[in-house]
Each structure stands twice: as C-alpha cells, then as structure tokens.
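Q: Structure below; questions to follow.
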Amino acid sequence: MDTRNVIAAISLSAAVIILYSLFFQPPPKKIDQSSTEKNKIENSDAPSLEQKEKIIKISREEALSQSKRIQFENQSIVGSISLKGASIDDLTFKDYNVSLDSTKKVNLLSPRDSEDGYIIESGFITTDKNVDIPDPGSVWSVVGNDKLTDQSSVKLTWVNDQGITFEKEITLDDKFLFTIKQKVINTTDKKYDFYSYGQIIRNKAPDITNFYILHEGLIATLDDELYEEDYDDIQEKKFTKTSQKGWLGIGDKYWITSLIPPKGKEFKTTFDYKNKFRANFVATEPLELNENSSIEDRMQVIVAAKRVDVIDGYADSLKIDKFDLTIDWGFLYWFTKPLFHAIDYFFKLLGNYGLAIIAVTICIRLAFFPLANFSFRSMAKMKVLQPEMARLKELHKNDKMKLQQEMMALYKKEKVNPMSGCLPILVQIPVFFALYKVLFVTIEMRQMPFYGWIQDLSERDPTSIFNLFGLLPYDVPSFLVIGAWPVAMGVSMFIQQKLNPAPPDPIQAKIFMFFPLFLTVILAPFPAGLVIYWTVNNILTMAQQVFIMKRTTVKTTT
C-alpha cells in the first residue's frame, strides 16, 4: 500500500510538472521531412522581389499626411490606400479596443515610413530591365469613384513612358476581404512577360506574447502543409517554397494579414528579413503580353480579426486551403476547435462566456459520469477499508511481503483498485489544455466579462488575497496576485481531497495536503475562465463523490 500511495503522489505531481513544462518551457526545434526543402532557395525562372527601401522612422500621423490617399470603410474596418505605391497601409478595426480601459481602436497597418510600418503591396514585375514598372515611389491616379466601400470599388492607374498602362481595380466586402484585379494594357507593337506578385512588409516584430503554445510570425499553408516561421528564425535564414496552392501571411495573436495568390497557378513563396520582415509570392509562370493587347490577374487580401466564424467563412466561401489554421488551435485541434464551438453555442444561448464555460463543464462531467462513478466507488471502498488496512499493517508490521499479499487479497476480494482515484485527474488534463488554448487564442474570449470583478475571462483574476481582494488600500506585486477565484479553486480542491482516502504514511499525507496550495499558486496567473472551469468542476466532482460514498458500504471480516 505504501508503494501505491507514493506512485499516486508522484502521478499527481507529474501531471502538474507536465502541464507546467508544456506552457513555459520551449519545445525542441521541429525537424520534419521537408525541413531541408523549406530553407533552401529553389530554382525558378520567376524574378525575385528586390528590397531597396530606406528606413525612415516618423510618426504614424505624419506618415499618413505625406501622400494623397483614397479612403475605405465598411462595417468592420476603416483606413486608406496610399496613391504613392498604391499600397494598403492604413487599417483600423472598428470593433476592437486596444485595452479594456481604453476607447482607442486597434490599428494594424501603418505607412512604410512610420516606425511600425506594416503594408500590403501588389502588382507585376518583369525580367526585362528596359521596361518601367510601378515601384513604391510611383504615384497612381484615381479613375472615377474616390472612396472604397462594400458598395463601390475603386480603380487606380499608372502609365509609363513606353506606352504601357497598369491598372488596379480594388473591391471590399462587408468584413475584411480585399479583392485586387490587376491589369496591364500594351499599346505598343512589342511583347513582354509579366509575373504577378503580392507582398506584405512589416518594419519590425511586434511585442509578442512569447508563449510557446502560441505562434506569432510568418505563416503559410502550401500544398496542404502548414509552415510557421518565428521572427527570429527568419532573421537567421530565408524561407522559400514553390507550390500549386495555398496562402501566406503574417499572424499576430488576434489578427491576420494574409495573401491568397491567383487560383490554379504555381507560385513561389518567400519569407525573409532585410531590415524589414517580408512575406511575398511571385507567380512562376509569366503572363504573355502581346502587342496591342492586355493581361490581367486577380489576388485576394484578408486583413482580419481572427474570429472563428469569419475565418471559417472565408475558408469555405473562397475555398482557401486550411485557412482556419490562421487560428493556432494547437496539436489538440481535433478537440480544441469543437470545444470552442460548444462554448460558443452556450454563449449564444446564455449570453455570457463565463456561464457558457460552466455549461460546458457540466456537459463534460455528464460525459465522464460512468468513469467517475467507477473511480469514486473504488475510492469510497478504499476509505471504508481504512480500519481493516490499518489492522493488517499492524498485524504484519514485521513482514512486508506478507503485508503486501494480504493487501492484494483484500483489494481483490472487495474489487478495489487503489489507483482509480487518479482517473478523474488524468481525464481532466486534455480538457484543461484544450480550454486553456481556447481562452488564450480566440478573440471571442478577449475582453469578455463574467460577473463581479472579472472583466476579462482571458486574463487572470485581478484580485489578491494579500490585500483582502481589494479591501485594503494598497497594490501587491504581480507574483502575489492570487485572486478570489484561484483561492476558491484551492479550497474546493482541499475539501475534495478530504473526501478521498488518506494515505497512511504521514509524509505522503503532507504531500497531498500541500498539493491544493501548490496548484493555487501555479494556476493563479492563468485565465480566469480556466480557473472558473476548474472550480466548478471540483464542486460537481465533490457532489458526485459524496453521493456515491453515502451509497457505498463494504462488509469486512476480522
């Protein structure tokens, strides 16, 4: 019995250690069969996009005022397109504030000359150095309508001195999708080859979460395979891959800037860093522009808040391969995403994500009810058997072998599994990981309140037991912020532990007594929604356990 209790204690401790390592320790570098192919520069006849830009750092407002612009707006975003370079370089999300205590909206894109420059370019390039093509300094003209909305498109033109006209017709849907139809018109008797391209340029890496369960940086799915490159990785080595289908972009925790190349055409994707981060594609097959004729191509740009319904909607309607992976669902994708949909369903029903988490907790408890019943029956029997086990231990205190034999005989006779008490905790671990992921990466949970002092379920409980949850007039250091919900969770764990059979060994008993306190401190910085789940789960577990224990009796003989 001593050995089994030690194993139980180790198992419980290992669960926490594993949890901690998954969240805080860096994973090993991923090595896959395509790693060599991913990081080499593939041979292609397609020209590369050169970067010959000076780095200028001025304020966003000053940069916006330096060129003429056309405005765009729909129900979701507002911003402008610079006529200098015809780049989309100013975009603000209308529905999202920077923080809970601020009314300032989130600005994602900014002009190239600003410190946080973040722009989208598109166009055609050619290997013929005798042909003038638009560059970042070229000033485009507006033809007709001068404001882009979801009801009206805009057309831009630029003409070189060689009789070639470049056109862009840009449309915008009611959410986050730009469609750019590009055209080249040749009025000469010469022939040319042009390659279409799209490019995202970001001056510097943003302040990232730097949490190893979340990727922020350059991302693509190319020919059914997901590629994720951190900002640090791209500064060290360029990434290039030629593919037939897919998309590419730069992803933040809650936002995505992405390019969808023309369908049915091979393209080369490149991620690199030369004073600025770049993610671009170039078509590998040229469009032949004959004399007195024209060519055209079409690409799509999605600059979006990573709402699940929006991302999945674009993936389905535009048939974008694996576009839902812009949201980092993690290795438990098969469970994490359905869990989100379950929470979202109850949110629409109950109107509060905290209540939705509680509803899902109840559903999970019902799903695992038979397994928990088996575990709790065994634990109840173990508790009833404590006097008999103590008697055997005293009777055979000088014969360990005999004691083990008698214990095993007792377990077999009463059909008791001393390790069954670990089952409820083991079952909770994947649920815990998946719920943490949902709270951490989905923008739907961002700045969503519960009741009382919880104003953001995706952030930690802001109160602390060390100032009596705000009753005392002073702030405490961040490492001492152990809020009311984490304390409630710890108390519920302590009470639940009292319902379980106590280890006969005093040292083991102290280890188990310390466990709720340990988890309270470890989980205090975690999202409040996760702590609410764990607390409610503990309460439901205790109710089920008390009910089963009251109905469980064991007849023993002395």
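The values are calculated or read from the model by the stated rules, or taken from the named source; none is laboratory data. The model shown is predicted, which means the values in this text are computed figures rather than measured ones. Virtual Cβ from ideal backbone geometry, glycine too; neighbours counted across all protein chains shown.
Q: Within segment 145-201, track down each residue that is loosely packed, with under 15 Cβ neighbours inside 10 Å, free of Cβ contacts under 8 Å to residues at least 24 places away in the same chain and of a type in the set (Gly, Ala, Ser).
A: Ser152
Q: Only one residue in Thr257, Thr269 is crowded, with 21+ Cβ neighbours inside 10 Å, among the β-branched types (Val, Ile, Thr) and without any contact (Cβ under 8 Å) to a residue 60 or more places away in the chain. Which one?
A: On the way: Thr257 fails: without any contact (Cβ under 8 Å) to a residue 60 or more places away in the chain.
Within the list Thr257, Thr269, the selection yields Thr269.
Q: Of all residues in segment 215-241, how many are of a type in the set (Phe, Trp, Tyr) and loosely packed, with under 15 Cβ neighbours inside 10 Å? Talk me through it step by step, then tell me what you get.
A: Step one: of segment 215-241, the residues of a type in the set (Phe, Trp, Tyr) are 227, 231, 239.
Keeping just the survivors that are loosely packed, with under 15 Cβ neighbours inside 10 Å gives none.
The qualifying residues number 0.
Q: Report, by residue number, each residue of segment 300-319 that is under 13 Å from Ile219 (Cβ atoms) and either more than 19 Å from the chain's Cα centre (by Cα) or in a loop (DSSP other than H, G, I, E, B) (or both).
A: Within segment 300-319, just Lys306 meets the criteria.
Q: Can I ask one more? Inside segment 216-233, can you point out the residues that are aliphatic (A, V, I, L, M) and either assigned to a helix (DSSP H, G or I) or in contact with a Gly (Cβ under 7 Å, 6 or more places away or on another chain) (or both)? Show your work before the answer.
A: Residues of segment 216-233 aliphatic (A, V, I, L, M): 218-220, 222, 226.
Scanning segment 216-233 gives Ile219, Ala220, Leu222.
Q: Continuing with the same structure: Taking segment 451-495, which residues are among the aliphatic types (A, V, I, L, M) and part of a loop (DSSP other than H, G, I, E, B)?
A: Going residue by residue through segment 451-495, those that are among the aliphatic types (A, V, I, L, M) are 454, 457, 465, 468, 471-472, 476, 480-482, 484, 487-489, 491, 493, 495.
Passing the criteria: Ile454, Leu457, Leu468, Leu471, Leu472, Val476, Val481, Ile482.
Q: Looking only at segment 86-106, which residues are in a strand (DSSP E or B) and out of contact with any helix residue (DSSP H, G or I) (no Cβ under 7 Å at 6 or more places or on another chain)? Walk me through it before giving the result.
A: Quick first cut of segment 86-106, residues in a strand (DSSP E or B) only: 87-97, 105-106.
Of everything in segment 86-106, those that are in a strand (DSSP E or B) and out of contact with any helix residue (DSSP H, G or I) (no Cβ under 7 Å at 6 or more places or on another chain) turn out to be Ser87, Ile88, Asp89, Leu91, Thr92, Phe93, Lys94, Asp95, Tyr96, Asn97, Lys105, Val106.
Q: Lys268: among the basic types (Lys, Arg) and not in a strand (DSSP E or B), yes or no?
A: Details: among the basic types (Lys, Arg): yes; not in a strand (DSSP E or B): no.
So Lys268 does not fit the description; no.
Q: Go through (1) under 20 Å from the mean Cα position of the chain (by Cα); (2) part of a strand (DSSP E or B); (3) acidic (Asp, Glu) one by one and return the number of the condition Asp297 breaks.
A: (1)
Q: Read through the list (1) within 33 Å of the chain's Cα centre (by Cα); (2) of a type in the set (Ser, Thr, Tyr); (3) over 30 Å from Glu459 (Cα atoms), then give the number of the only condition that Ser110 fails.
A: The single condition Ser110 does not satisfy is (3).
Q: Then there's this: I'd like to check something: does segment 545-555 contain any residue that is among the basic types (Lys, Arg) and modelled with pLDDT of 75 or more? Spell out how you get there, then give the answer.
A: Narrowing segment 545-555 to residues among the basic types (Lys, Arg): 550-551, 555.
Filter once more, keeping what is modelled with pLDDT of 75 or more: none.
Within segment 545-555, none of the residues are among the basic types (Lys, Arg) and modelled with pLDDT of 75 or more.
Q: Then there's this: Which count do you get for residues in segment 234-260 that are part of a helix (DSSP H, G or I) and touching a strand residue (DSSP E or B) at 6+ places or on another chain (Cβ under 6 Å)?
A: Going through segment 234-260 one residue at a time, the tally reaches 2.
Q: Now for a different question. So which residues in segment 379-398 are exposed (fewer than 15 other Cβ atoms within 10 Å of the Cβ), more than 29 Å from Phe547 (Cβ to Cβ) and modelled with pLDDT of 75 or more?
A: Hits for segment 379-398 are Leu395, Asn398.
Q: Of the residues that sit in segment 44-85 and are β-branched (Val, Ile, Thr) and assigned to a strand (DSSP E or B), which one is modelled with the lowest pLDDT? Break it down stepwise before answering.
A: First, pick out the residues of segment 44-85 that are β-branched (Val, Ile, Thr): 55-56, 58, 70, 77-78, 81.
If we keep only those that are assigned to a strand (DSSP E or B) too, we end up with 58, 70, 77-78, 81.
Working: Ile58: 85, Ile70: 96, Ile77: 97, Val78: 97, Ile81: 97.
So the residue we want is Ile58.
Q: Among the numbered criteria (1) free of Cβ contacts under 8 Å to residues at least 24 places away in the same chain; (2) under 24 Å from Phe277 (Cβ atoms), which one does Tyr212 miss?
A: Only one criterion is unmet by Tyr212, namely (1).
Q: Please name all residue pairs, on different chains or six or more residues apart, with Cβ atoms under 7 Å, provided the first residue is in segment 512-525 and is touching a residue at least 40 places away in the same chain (Cβ under 8 Å) and the second residue is of a type in the set (S, T, N, Q).
A: Correct list of pairs: Phe512/Gln497.
Q: To continue, here is another question. When you go through (1) buried (at least 21 other Cβ atoms within 10 Å of the Cβ); (2) touching a helix residue (DSSP H, G or I) at 6+ places or on another chain (Cβ under 6 Å) one by one for Leu332, which number turns out not to apply?
A: It is condition (1) that Leu332 fails.
Q: For segment 274-299, how many residues meet the condition of being within 26 Å of Ile234 (Cα to Cα) and surrounded by 20 or more Cβ atoms within 10 Å (Cβ to Cβ)?
A: Of the residues in segment 274-299, 8 are within 26 Å of Ile234 (Cα to Cα) and surrounded by 20 or more Cβ atoms within 10 Å (Cβ to Cβ).
Q: Select from segment 465-490 the residues that are hydrophobic (A, V, I, L, M, F, W, C) and touching a residue at least 24 places away in the same chain (Cβ under 8 Å) and list them in ascending order.
A: Pass one, segment 465-490, residues hydrophobic (A, V, I, L, M, F, W, C): 465-466, 468-469, 471-472, 476, 479-482, 484-485, 487-489.
The answer is Val481, Ile482, Ala484, Trp485, Val487, Ala488, Met489.
Q: In segment 114-131, what residues are part of a loop (DSSP other than H, G, I, E, B), of a type outside the set (Ser, Thr, Tyr) and in contact with a strand residue (DSSP E or B) (Cβ under 8 Å, 6 or more places away or on another chain)?
A: Of segment 114-131, the ones part of a loop (DSSP other than H, G, I, E, B) are 115-117, 126-131.
After this cut, where a residue has to be of a type outside the set (Ser, Thr, Tyr) as well, the list is 115-117, 128-131.
The answer is Glu115, Asp116, Gly117, Asp128, Val131.
Q: Now, a different point. What about Asp272, is it of a type in the set (Asp, Glu) and over 20 Å from Leu222 (Cα atoms)?
A: It is false that Asp272 is of a type in the set (Asp, Glu) and over 20 Å from Leu222 (Cα atoms).
Q: For segment 516-527, state whether one or more residues are closer than 30 Å to Glu388 by Cβ and not basic (Lys, Arg).
A: Step one: filter segment 516-527 for residues closer than 30 Å to Glu388 by Cβ, giving 516.
Remaining after also requiring not basic (Lys, Arg): 516.
Yes - at least one qualifying residue is present in segment 516-527.
Q: Oh, and also: Does Asn280 satisfy the condition of being modelled with pLDDT under 95 and either farther than 21 Å from Glu216 by Cβ or more than 22 Å from the chain's Cα centre (by Cα) (or both)?
A: Numbers: modelled with pLDDT under 95: no; either farther than 21 Å from Glu216 by Cβ or more than 22 Å from the chain's Cα centre (by Cα) (or both): yes.
Here the answer is no, as Asn280 does not meet what is asked.
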